1. Condition first: of a type in the set (K, R), under 12 Å from I18 (Cβ atoms) and not in a helix (DSSP H, G or I). Can you find one or more residues in the range 40-54 that meet it?
2. Looking at the structure I just gave you, is G154 under 20 Å from A212 (Cα atoms) and without any contact (Cβ under 8 Å) to a residue 60 or more places away in the chain?
3. Can you go through A145, A115, A60 and tell me which one is among the small types (G, A, S), at pLDDT 85 or above and more than 20 Å from E171 (Cβ to Cβ)?
4. Can you give me the number of residues within the range 14-39 that are out of contact with any helix residue (DSSP H, G or I) (no Cβ under 6 Å at 6 or more places or on another chain) and either part of a helix (DSSP H, G or I) or on the phi < 0 side of the Ramachandran plot (or both)?
5. Quick test for you: out of S201, S183, pick the one residue that is modelled with pLDDT of 95 or more, open to solvent by 10 Å² or more (accessible area, probe 1.4 Å) and of a type in the set (S, T, N, Q).
6. Please verify whether the range 146-163 includes one or more residues that are farther than 27 Å from A115 by Cα, open to solvent by 30 Å² or more (accessible area, probe 1.4 Å) and more than 14 Å from the chain's Cα centre (by Cα).
7. In this structure, is L180 in a helix (DSSP H, G or I) and more than 16 Å from E104 (Cα to Cα)?
8. Give the number of residues within the range 135-155 that are over 12 Å from I203 (Cβ atoms) and either of a type in the set (V, I, T) or assigned to a loop (DSSP other than H, G, I, E, B) (or both).
Amino acid sequence: MANAHPGTSKTSGAIERILEMIANEALEPGQRLPSERALAADLKVSRATVREAIMALQIAGRVESRSGDGTYILEAPAQIGDAALKVQTGVDIADALEYRMATEISAAVLSCARARRSDVMRMQAVVEAMSECLEDDDYEGYLDATYDLHLAIGQASHSKRLGTIHRALTEQTRDEEWLLAESYTSEVAAHSMQLHREMVSAIAARDVERTAHAVQAHYVEFPALVEG
């Protein structure tokens with residue numbers, strides 16, 4: 001599980017308030033959530049906190065983001081205990097993402113200058129393994145392979161200290177991949193595959209600007225559960 005930081009308690013509080021609104025039928029399944037700005041004003045938190053809360057609820061399967069149409073409330077799962085675990089896991093994943101993005105952008109940019117031919121070949125091999133998993137609709141195997149790719153990017157930076165931090169953050173979220181796998185579809189997987197291919201392609205081309213943009217896009221759109 002992710003370690004808490006000052007923003008986590010605010011995010012958890014925002015999640016509790018949103019779930020209370022759903023439980024009290026102020027918000028109902030099938031209804032669109034108010035805008036980030038409106039929720040932030042109502043909950044008296046920042047828009048960043050609201051965004052993180054919505055991401056956690058999205059990962060947990062309590063809301064669904066529809067491209068160009070906002071975020072909608074889904075039916076509550078049958079088992080309350082499982083629902084609580086999923087929400088907490090969603091918080092942990094959302095909390096860890098900002099740290100992973102910061103370290104991975106740094107690692108990937110360093111990789112543009114320091115990656116050896118063997119490093120690039122390793123990343124490309126993992127990408128092919130990911131593709132094979134998708135051909136078999138093996139989303140758990142696919143997600144596990146994505147973590148191997150992120151670790152390979154960190155290793156290619158050839159920065160011992162940064163690599164250690166990056167590895168710890170990556171392995172930390174690997175334990176929660178079961179929740180992400182539940183929400184994967186062929187469309188989500190195809191989009192995820194495209195994002196990962198672009199990161200490796202940019203590093204192989206030693207294009208620093210393209211690499212930084214590709215890594216940022218991966219985390220901004222993570223976990224890519226925006227179909228509907």
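1. Looking through the range 40-54, none of the residues is of a type in the set (K, R), under 12 Å from I18 (Cβ atoms) and not in a helix (DSSP H, G or I).
2. Yes, satisfied.
3. Result: A115 is the single residue among A145, A115, A60 that is among the small types (G, A, S), at pLDDT 85 or above and more than 20 Å from E171 (Cβ to Cβ).
4. Summing the residues that are out of contact with any helix residue (DSSP H, G or I) (no Cβ under 6 Å at 6 or more places or on another chain) and either part of a helix (DSSP H, G or I) or on the phi < 0 side of the Ramachandran plot (or both) in the range 14-39 gives 18.
5. The match here is S201.
6. So far as the range 146-163 goes, no, none of its residues is farther than 27 Å from A115 by Cα, open to solvent by 30 Å² or more (accessible area, probe 1.4 Å) and more than 14 Å from the chain's Cα centre (by Cα).
7. Taking the combined requirement at face value, the residue satisfies it.
8. Residues meeting the conditions: 4.
The values are calculated or read from the model by the stated rules, or taken from the named source; none is laboratory data. Everything numeric in this text was worked out from a predicted model, so none of it was measured. Cβ atoms come from the backbone with ideal geometry, glycine included; neighbour counts cover every protein chain shown. With ligands, DNA and RNA removed, areas are computed over all heavy atoms of the protein, side chains included. Shrake-Rupley method; radii C 1.70, N 1.55, O 1.52, S 1.80 Å.
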